[in-house]
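Asker: I'd like to ask you about the structure that follows.
Rule-based calculations on the coordinates, nothing more; no lab input. Because the structure is a prediction, the values reported are computed rather than measured. Cβ: placed from backbone, ideal geometry, glycine included. Neighbour counts: every protein chain shown.
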Amino acid sequence: MPRHGVARVISKLGLGSRTQAAKWVADGRVRVNGSLVKDAEFAVRQGVDRIEIDGQECARAPPVALMLNKPRGLVTTANDEQGRDTVYRCLDDALLPWLAPVGRLDKASEGLLLFSNDPAWAARITDPNTGPPKTYHVQIDRLPDAALLANLQSGTRVDGEQLTVRSVRPLRVGVRNAWLEIMLEEGRNRHIRRLLEAFDVSVLRLVRVAIGPLLLGTLAKGRWRLLTAREMELL
């Protein structure tokens, strides 16, 4: 049976982040088979070795997931080295288990962001081969013509990465700018922004409105709600 570091196993059980688990170990709160361990990489066999935190045996936490309507200006991380506000500000008053973001939205982006304490479920959501497509509404600083839409659909290489979209279509066209609906199979770092910049188009707003069948809907900005078991299954 494979062995893994005790902090990693605690995290895989959905009880906390790997960083949190490593701190619990360093603080002397973790025992394995009755013996105190102080090394976060101490090798254990999940399901075989008894792991305790503060005298309580570790068991897999019930899977929990929620969706947040992320406001613009928040970074998707638990702790930001630059002291910026994070998405966890929206969850501060909630009585929730430990939850990690499932994927991310950059600071300037808004919309549907998932959290979960189930690393395996989160990995399936973010894996481009198994995860659902993501849909975005994107306001750009020009009016799209057929050539631009064709270029976006074909994709291009940016910084050594091939950036493509699953689909793109105009939503609303104004006098000087327009909204596009863009669907991605996978989301690389600043994927849409970099792709549009490659064609000299700037993004004014970027809102993720759906992940697979899960719609942002009328959820207010900065608010969250738990996903049902059925919604987790569908994703």
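Asker: Sticking with the crude label model, points 7 Å out along Cα→Cβ, report the distance from ARG225 to LYS107 in nm, one decimal please.
Answerer: Output for this residue pair reads 3.1 nm.
Asker: With contacts defined as alpha carbon pairs under 8 Å and 6 or more residues apart, what's the relative contact order of the range 88-156 in percent? Don't skip to the answer; put the middle values down first.
Answerer: Values: 30 pairs, mean separation 14.1, N = 69.
This gives 20 percent for the range 88-156.
Asker: As a test of the definition: which semi-axes, in Å, follow for the range 4-57 when you take the square root of five times each eigenvalue of its alpha carbon gyration tensor? Largest first, please. Mind dumping the intermediate values first?
Answerer: Numbers: eigenvalues 35, 31, 21 Å².
For the range 4-57, the ellipsoid semi-axes come out as 13, 12, 10 Å.
Asker: I've got another one for you. Looking at the range 81-131 from every direction and averaging, what is the projected area of its Cα convex hull in nm²?
Answerer: Computing the convex hull of the Cα atoms and averaging its projections yields 4.6 nm².
Asker: What translational diffusion coefficient, to the nearest whole µm²/s, does the range 134-211 have by Stokes-Einstein, given a Kirkwood radius computed over alpha-carbon pairs, a temperature of 25 °C and 0.890 mPa s viscosity?
Answerer: 199 µm²/s
Asker: With the alpha-carbon atoms as the only input, what is the per residue convex hull volume for the chain in Å³?
Answerer: Working: hull volume 36.6 nm³, N = 235.
Cα-based convex hull of the chain, divided per residue, equals 156 Å³.
Asker: Moving to a separate point now. Would you list THR130, THR164, THR77 from fewest to most Cβ contacts within 10 Å?
Answerer: Values: THR130 9, THR164 17, THR77 14.
Placing the least packed residue first, the sequence is THR130, THR77, THR164.
Asker: How large is Rg over Rh for the range 24-146, taking Rg from the Cα atoms and Rh as the Kirkwood inverse mean of 1/r across Cα pairs? Before the final figure, lay out the partial values.
Answerer: Numbers: Rg = 19.3 Å, Rh = 17.7 Å.
The Rg/Rh ratio comes out at 1.09.
Asker: So how do 104-114, 207-217 stack up, highest first, on mean other-Cβ count within 10 Å? Spell out each step's value before the answer.
Answerer: Working: 104-114: 20.3, 207-217: 17.2.
The most tightly packed comes first, giving 104-114, 207-217.
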